[in-house]
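K.L.:
Please see the structure below; I have some questions.
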Amino acid sequence: MDKEQSGLRCGYLLIQNQKKKWKARWFVLCEDRLCCHHKYNKSVLLNTLHLSGCAVTSPCNDLPDTSHQSLLKICTPDGEEIYFQSGGSEDRDGWAHALGAVIRSLTTSHQISQDKMPFQDFRTYANVSEIIGALQDPDAGIATSNHLRCGILYKNCFKGSDIVDWLLRWSLVRNRDNGCAMAQTLLRLGHFQQVSLKDGSTVSPKFSDTDRLYRFTSINLSSKRNSFYDSTDSDSSSSDEEDEDAGDVARPKKGRVLKQAFLAKKKNLRKGWRVVKVTLQDSPKGLQYYRAIYAACIDDKFPFKMALLEGAVVTEAIKLSSKGATTKSPSYRLCLRLPKGKTITFQMKDEQEKQEWLSLLQQTSQMADTPM
């Protein structure tokens, strides 16, 4: 579908509906917005989030009853917080990087260019990435907190004077004027933005060394300290579909994770696809999968399936038309044929993801067949 192919990033994410239930939806990131579709390759657009003035936090531990490993949050200019569950930490970081880059580009496009930063007045020549990483360090970085203004609570913010104090405390600048100049450049580059207060005040492109509130456009709280640069809510599945992929309720077997993501799995009993979380692990060498909505559960006891790769054959699937003829449209599908004759088909989002899974599955399958 052209719409998905033209997006900066696309894939399945879990999002909460109005009843706080998690739903798997297909998301497409465009140059200025995040589009939510009901399913992959569908034209049904459920919602659109304009990203100008938003901020992204990853990973996020705001929800006590939800797994935090793959959780990220977007905070809108009016204070609304929207939570997403990704298919894994790698997928989470990919979405956070892409969202942060879009938000930063939108913030930069609205800034008025000021005088160049007087680098000769600074005490250090750290690059922007290092400065942003240090500012966001959970132990030594600038402290973000909640601020109450005119009866409204603004979360994860800091005052303009706080960032200048931090720069002086770590001897990155010589005086407050130099600190304002560095902060102005970081503001102009879109690494943080002024918080739009609901008090009639306007957002200024000029940094202010006062109690004016600012927030980072993207906050990286993961162990990897790189900055972020670079009406259908009802479940229509029948009881037969609910049980199709259900295994025994138990704790999934945990081995070294080689790759994990949300993928669409072809149903066995009925036509159609279901979004599942798929984990390829090293011990035992196999493919574990379960319904995507269980990815948000803290309790790891839920129905799952385990396909051991010993004797399995992994091939690329050919997409056929309703008449059985090969179609010209690309097929991003893989077939896993197990020794007892069962076939599992997965749908990937693009050719790159398909090739990544194909390579890892074939390598793991060969290792499983090799006698120790």
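The values are calculated or read from the model by the stated rules, or taken from the named source; none is laboratory data. Worth saying up front: this structure is predicted, and the values here are computed from it rather than measured. Here the Cβ is made from the backbone with ideal geometry for all residues, glycine too, and neighbour counts use every protein chain on show. Heavy atoms of the whole protein, side chains included, go into the accessibility calculation; ligands, DNA and RNA do not. Shrake-Rupley method; radii C 1.70, N 1.55, O 1.52, S 1.80 Å.
K.L.:
Report D for the stretch 169-208 in µm² per second (integer): Stokes-Einstein, Kirkwood Rh on Cα pairs, 20 °C, 1.002 mPa s.
P.N.:
Stokes-Einstein gives a translational diffusion coefficient of 188 µm²/s.
K.L.:
Find, to one decimal place in angstroms, the Kirkwood hydrodynamic radius of the stretch 52-107, where the mean of 1/r is taken over every pair of different Cα atoms and then inverted.
P.N.:
So the Kirkwood estimate lands at 11.4 Å.
K.L.:
Let me ask something else. Please list, in order along the stretch 49-60, the HN-Hα scalar couplings obtained from phi with the Karplus expression 6.51 cos²θ - 1.76 cosθ + 1.60 (θ = phi - 60°), rounded to whole Hz, x for Gly and Pro.
P.N.:
3J(HN,Hα) across the stretch 49-60, in whole Hz: 10, 6, 8, 4, x, 7, 9, 10, 10, 8, x, 10.
K.L.:
I need the semi-axes of the equivalent ellipsoid of the stretch 138-189: take the C-alpha gyration tensor, multiply each eigenvalue by 5, square-root it, list largest first in whole angstrom.
P.N.:
Output for the stretch 138-189: semi-axes of 23, 13, 10 Å.
K.L.:
Now for a different question. For the stretch 1-105, I need the span (max minus min coordinate) of the C-alpha atoms along each principal axis, in Å, sorted largest to smallest.
P.N.:
Computed over the Cα atoms, the extents are 38, 29, 28 Å.
K.L.:
Hey, what's the stretch 1-97 come to in accessible area per residue, 1.4 Å probe, Å²?
P.N.:
The answer is 45 Å² per residue.
K.L.:
To continue, here is another question. Using per-residue counts of other Cβ atoms within 10 Å, averaged over each peptide, order 77-86, 288-297, 146-155 from highest down.
P.N.:
Final packing ranking: 288-297, 77-86, 146-155.
K.L.:
Next up: For the stretch 5-51, what ratio Rg/Rh do Cα atoms give with a Kirkwood hydrodynamic radius?
P.N.:
When Rh is taken as the Kirkwood radius, the ratio is 0.96.
K.L.:
So how do Asp65, Asp369 rank on accessible area, 1.4 Å probe, biggest first, that is with the largest at the start?
P.N.:
Listed by decreasing accessible area, they come as Asp65, Asp369.
K.L.:
Name the long-range amide H neighbours of Asp32: under 5 Å, sequence gap of 5 or more, or other chain; modelled H, no Pro or chain starts.
P.N.:
Here nothing satisfies the definition.
K.L.:
Here's something else I'd like to know. Show me 27-37, 308-318, 202-212 ranked by packing, highest mean number of other Cβ atoms within 10 Å first.
P.N.:
27-37, 308-318, 202-212
K.L.:
Karplus couplings for the stretch 357-370 from phi (6.51 cos²θ - 1.76 cosθ + 1.60, θ = phi - 60°), rounded to Hz, Gly and Pro as x?
P.N.:
For the stretch 357-370, the Karplus curve yields 5, 4, 5, 5, 5, 5, 5, 5, 5, 5, 5, 5, 7, 7 Hz.
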